[in-house]
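Asker: Starting off with a structure, shown below.
The values are calculated or read from the model by the stated rules, or taken from the named source; none is laboratory data. The shown structure was predicted, so the numbers you read here are calculated from the model rather than taken from an experiment. Backbone-built Cβ (ideal geometry, glycine too); neighbour counts: all protein chains shown. In case anyone asks, the SASA skips ligands and DNA or RNA and just uses the protein heavy atoms, side chains included. Shrake-Rupley method; radii C 1.70, N 1.55, O 1.52, S 1.80 Å.
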Number of protein chains: 2
Amino acid sequence: MEGYSKCEANFVPLSPISFLERATFVYGKSLSIIYNDMSYTWKETRDRCVKLASALSIIGVNPGKVVATFAPNTPAHYELHFGVPMAGAILSALNTSLDPPALATTLQQLEPQVIFVDHQYIQTVGEAFKLLSHDKTSPPRLVLIGITRCTVVPMNTLDYNDLLSLGKDDFKIIHPNDECDPISINFTSGSTGKPKGVVYSHRSAYLNSLAVIFRYDMKKMPVFLWTVDMFRCNGWCFPWALAALGGTNVCLREVTAEVIFHSIVIHKVTHLCGPPMILDKIASSKTNEQRVVMPTRVDVIVAGPLPSSEIILKVKKFGFDIHHGYGMSEALGPMTNMSLRMSDQKEENNDERVKIRCREGTHNILMENVDVKDPETMTSVPSDGNTIGEIMFRGNTVMLGYLKNMEGTQNVFKGGWYMTRDLGVRNPDGNIVMKDRKLDSIVTNGEIVSTIDIERIIRTHPYVKEVAVVGKPDNVLGETPCAFVTLKDDYSLSSSCIIKFCQEKSLPRSMIPINVCFGTLPMNSTGKVLKYVLRERAKTIGSILGANVTLTI
Amino acid sequence: MEGYSKCEANFVPLSPISFLERATFVYGKSLSIIYNDMSYTWKETRDRCVKLASALSIIGVNPGKVVATFAPNTPAHYELHFGVPMAGAILSALNTSLDPPALATTLQQLEPQVIFVDHQYIQTVGEAFKLLSHDKTSPPRLVLIGITRCTVVPMNTLDYNDLLSLGKDDFKIIHPNDECDPISINFTSGSTGKPKGVVYSHRSAYLNSLAVIFRYDMKKMPVFLWTVDMFRCNGWCFPWALAALGGTNVCLREVTAEVIFHSIVIHKVTHLCGPPMILDKIASSKTNEQRVVMPTRVDVIVAGPLPSSEIILKVKKFGFDIHHGYGMSEALGPMTNMSLRMSDQKEENNDERVKIRCREGTHNILMENVDVKDPETMTSVPSDGNTIGEIMFRGNTVMLGYLKNMEGTQNVFKGGWYMTRDLGVRNPDGNIVMKDRKLDSIVTNGEIVSTIDIERIIRTHPYVKEVAVVGKPDNVLGETPCAFVTLKDDYSLSSSCIIKFCQEKSLPRSMIPINVCFGTLPMNSTGKVLKYVLRERAKTIGSILGANVTLTI
């Protein structure tokens, strides 16, 4: 069988950098980026990224070093998604909602050589730097994007455009030696504890960029509106996917419903995505009767717990097609999906529709497998829609591991699978339905109860706006369900009404909340309810007021 | 930066086998294959392929061994595209137009352990086996697909279905240890000499299957009509791409225009592909006036020299959208493409249209680069549409090399590129235009002349059906153009008419044929003109009859 071998002509390490080089070639004169009155072509974007990579090399950013960003979805932030890897360095786009102490902690862990900061956030970064210097940690070199009057800017700060002009046009792009070398570090949202630095490889970023395209049947040259933060799993890998498709990035500093509708009309947006609260934003901006004139239907891709079917139907009516995904930072963003097309919804009644919507669906082409397994025996649960197991996945679009945390990495990888700590079932049709976070589920009288199932029922009460259920310790049963409810404006309700409602909806006895509290729910920046906060509160309820009483959160 | 590493959860060798496993999961109940009155679901296809792999293991086909096929596009041939790799073996689908001596030579070179033969071709294989036994080579084990009355079937021949029933349902699929391990061997058409065995890896087959989807913006669950031979670059990787998309394979034993139209109507075909002569077939089946009722427009993907614009326009009018690609076995099939959409053609006159159609286009997302270079200096030619260079490519969708032919492999890989031996130019818009095969081009008075450019002009003569130009040795100029022309039925023409026509069309003096001959052109099975045969004929012309005379080929 001799006669052939791997060589430079037939083996090129997979890296998203290739997408930009090809886009220049194939889509050179097409628009790559639109931002307010600015726009660039793919040729221009490529040239700017090459100069950026060159400039980074010149100021001493060597291959393997970390470059952080603290910025909204601007063209500069897009350029950094290519420029940093093209210098051989590793990009870490940080969550701009971090406060100075949290940012300082992250920087200590990350040790970036340089941090690119948008002028909007210079104050936060300045304060974080002060905390670092108290701590005798030398802060990273700062590059400022835009103009600021802020006085805390460190002495040796560089201006983004000045940095770019340092760069050489003929810089030789540094491709990874090994496609499994890291390209980026994304911090988890920390809904289950301290944020962890999730490391992505060039290979996984390349393949997941393709997965994004397949998952939503995206065609060449889409127009993408940047409503998902680039600091979330590298904007779900869309910066790279857009280059692969020669699409147009419509950048936004702030996401409002007005800006969304305006961009759709002006730029003929075809796709946007983000956490499901974007649907609330769109829905709440107009009444059902207000006519929405959109040049074409827009695909909206959301991942996370969906809002009420009322909101979904309203948004659909405006001209948006909603696709629901399930994922996490460790899977480079959404990894499964359940398309909510018109056809899926035609024949079903409202309840059925809600159930379909809540399915997590099936894995995409590039993810090797997503399964629901018994975590002890590692056997798959039967596809009966009832047997609860842990959702697990494996494949080439899975993180390398956690930054400087081998123990954490080893804890989540077991027997060739990533363990999500999410509980779910497999339906007879093959779709996965997430039931609960392992941490959030309630064990009452030895039985596992899904808080998500309880929430789904309570959410159908006409007065209820939002709800979260957690376990409350109980001496006899172990735990009992405790519901925290936000009512719609101008409505009021007693806890016994909620309990009665659950009984009427035939919830099993074990799932009927013993305690119900009313008020606003504590959420993180992506709109996830902070259940650990509620669990602490739940502990205190019985001892103060006893069961079945109305209490303001 | 410690804390992470490559492991089984985040690194899975890329292999098309994964597509079938996922298709079972996601599209289990959807149709995978339709053939006459038979049909299978993806779940059934997967189960059959597992049994096939198991049976191969049982009869002693070990990982790394070669399994050949000699069959049309039947369900069994489709199953072999998965079953053989799932046993860890290497698939070689042989050209069914080979005659017994050519097949025997190929088998000697390939040394397959088993050969799967469709009943239609058992005679040919039986005769080839006889030649092998004369030669004291022991022929491979034969598995017969279908029923035959032929008497030359060897004693220990197995029946395909009997073999399948040997297989175990719980066979553990053998995934490649290294994704660069070979998955298949495809023989070149041999238009430039003896056929070579081109070796594909699991990685390249996986990535090129994705490339196929991207190239044509294919959506999930297409209906694909099998009009391209599975023995051509593994059916351009469509067996694997169809599994990735959960599409339906409409298998065909024989491709006629009637069957094409019938299948489109009955099965709602969305895509078909093949050599450009398929367009002639479709066009010639109906007159312009005959109404063609198709349920939807069909994408037709062709690669090779296109027929006249008359035919293309007719086929378009019937409801087909034509996509033109350029490729070769060494690139796993078509690798560049030029979409001929309605929009491209709207503003152009006829001449302009023909020119656009003849462009080879640009490389696809998964091919790293396709360039036109000076083969001496290896620098890219300017994008001026004039400077001729050699077309070269590199990337992960390039063959591993030639089977048992290290010298041949080393000859085509140079400086990290595959050298096509095709001459081309780069247009200012970035698209590549192929000018000629290096071997076919003429050097006259020191100047390189593209025979394709001469042919393009002669083909516009209203009486000309087909034309091929080759170089004829000349003591003074080195070579001179010699045209071989096939006229349309009932037309006749003298050689001086052709020469005059070329002069009127302002062809430069060096490109005007000195000799013109009329008759049928010698072609191989894909419809490629055998120019080496014509070159031999051209040598004899002058000595017999002198220049500028009409001669029957």
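Asker: Could you give me the residue pairs with C-beta distances under 7 Å whose first residue belongs to the stretch B:498-509 and is closer than 19 Å to B:Lys465 by Cα, whose second residue is in a helix (DSSP H, G or I) and at pLDDT below 95 wherever it lies, and which are 6+ apart or on separate chains?
Answerer: Sorted first by the residue in the stretch B:498-509, then by its partner, the pairs are B:Ile498/B:Ile458; B:Cys502/B:Ile457; B:Cys502/B:Ile458; B:Lys505/B:Ile457.
Asker: Could you list, in sequence order, all residues of the stretch B:115-151 that are open to solvent by 80 Å² or more (accessible area, probe 1.4 Å) and under 27 Å from the mean Cα position of the chain (by Cα)?
Answerer: Those that are open to solvent by 80 Å² or more (accessible area, probe 1.4 Å) and under 27 Å from the mean Cα position of the chain (by Cα): B:Gln120, B:Gln123.
Asker: Further question on the same structure: Under 6 Å by Cβ, and 6 or more places apart or on different chains, what pairs join a residue from the stretch B:464-479 that is in contact (Cβ under 8 Å) with a residue 60 or more places away in the chain and within 17 Å of B:Leu439 (Cα to Cα) with one that is aromatic (Phe, Trp, Tyr) and crowded, with 20+ Cβ neighbours inside 10 Å?
Answerer: Between residues of the stretch B:464-479 that are in contact (Cβ under 8 Å) with a residue 60 or more places away in the chain and within 17 Å of B:Leu439 (Cα to Cα) and residues that are aromatic (Phe, Trp, Tyr) and crowded, with 20+ Cβ neighbours inside 10 Å, the close pairs are B:Ala468/B:Phe484.
Asker: Shifting gears a bit: Of all residues in the stretch B:54-68, which are open to solvent by less than 30 Å² (accessible area, probe 1.4 Å) and of a type in the set (A, V, I, L, M)?
Answerer: If the condition is that a residue be open to solvent by less than 30 Å² (accessible area, probe 1.4 Å) and of a type in the set (A, V, I, L, M), then B:Ala55, B:Leu56, B:Val61, B:Val66, B:Val67, B:Ala68 are the ones that fit.
Asker: Here are B:Ser329, B:Ser308: which of them is polar (S, T, N, Q) and modelled with pLDDT of 80 or more?
Answerer: Of B:Ser329, B:Ser308, the one residue that is polar (S, T, N, Q) and modelled with pLDDT of 80 or more is B:Ser329.
Asker: Here's something else I'd like to know. Kindly provide the set of residues from the stretch B:399-412 that are facing another protein chain (nearest Cβ under 9 Å) and over 21 Å from the mean Cα position of the chain (by Cα), ordered by number.
Answerer: B:Lys404, B:Asn405, B:Met406, B:Glu407
Asker: Follow-up question, since we're still on this one. Could you say which residue among B:Pro85, B:Pro154, B:Pro112 is assigned by TED's automatic domain parsing to the domain that holds B:Gly60, more than 27 Å from the chain's Cα centre (by Cα) and in contact (Cβ under 8 Å) with a residue 12 or more places away in the chain?
Answerer: Criteria check complete, one pass: B:Pro154.
Asker: Just checking, how many residues over the stretch A:1-54 are in a loop (DSSP other than H, G, I, E, B) and either touching a residue at least 12 places away in the same chain (Cβ under 8 Å) or touching a Gly at 6+ places or on another chain (Cβ under 8 Å) (or both)?
Answerer: Residues in the stretch A:1-54 being in a loop (DSSP other than H, G, I, E, B) and either touching a residue at least 12 places away in the same chain (Cβ under 8 Å) or touching a Gly at 6+ places or on another chain (Cβ under 8 Å) (or both): 15 in total.
Asker: Can you name every residue in the stretch A:420-441 that is assigned to a strand (DSSP E or B), open to solvent by less than 20 Å² (accessible area, probe 1.4 Å) and of a type outside the set (A, V, I, L, M, F, W, C)?
Answerer: Within the stretch A:420-441, A:Thr420, A:Asp422, A:Gly424, A:Arg426, A:Asp436 qualify.
Asker: Any residue that is in contact with a Lys or Arg (Cβ under 8 Å, 6 or more places away or on another chain), within 14 Å of chain A (Cβ to nearest Cβ), among the polar types (S, T, N, Q) and farther than 20 Å from B:Gly325 by Cα - is there at least one of those in the stretch B:386-398?
Answerer: For the stretch B:386-398, residues in contact with a Lys or Arg (Cβ under 8 Å, 6 or more places away or on another chain), within 14 Å of chain A (Cβ to nearest Cβ), among the polar types (S, T, N, Q) and farther than 20 Å from B:Gly325 by Cα: absent.
Asker: What residue, among those in the stretch A:1-53 that are of a type in the set (Phe, Trp, Tyr) and open to solvent by less than 10 Å² (accessible area, probe 1.4 Å), is farthest from the other protein chains (Cβ to nearest Cβ)?
Answerer: A:Trp42
Asker: Here is a further query. Considering only the stretch B:57-78, state which residues are within 23 Å of B:Cys233 (Cα to Cα) and part of a helix (DSSP H, G or I).
Answerer: B:Pro75, B:Ala76, B:His77, B:Tyr78
Asker: Can you tell me which residue among B:Arg394, B:Arg359 is farther than 24 Å from A:Gly247 by Cβ, of a type in the set (Lys, Arg) and open to solvent by 10 Å² or more (accessible area, probe 1.4 Å)?
Answerer: So the residue among B:Arg394, B:Arg359 that is farther than 24 Å from A:Gly247 by Cβ, of a type in the set (Lys, Arg) and open to solvent by 10 Å² or more (accessible area, probe 1.4 Å) is B:Arg394.
Asker: So, of the residues in the stretch A:464-501 that are under 9 Å from A:Val516 (Cβ atoms) and either at pLDDT 95 or above or in contact with a Cys (Cβ under 9 Å, 6 or more places away or on another chain) (or both), which turns out to be surrounded by the fewest Cβ atoms within 10 Å (Cβ to Cβ)?
Answerer: Among residues in the stretch A:464-501 that are under 9 Å from A:Val516 (Cβ atoms) and either at pLDDT 95 or above or in contact with a Cys (Cβ under 9 Å, 6 or more places away or on another chain) (or both), the one surrounded by the fewest Cβ atoms within 10 Å (Cβ to Cβ) is A:Ser495.
Asker: Just one of the numbered conditions (1) within 23 Å of the chain's Cα centre (by Cα); (2) assigned by TED's automatic domain parsing to the domain that holds B:His324; (3) open to solvent by less than 50 Å² (accessible area, probe 1.4 Å) is not true of B:Lys373; which one?
Answerer: Exception for B:Lys373: condition (1).
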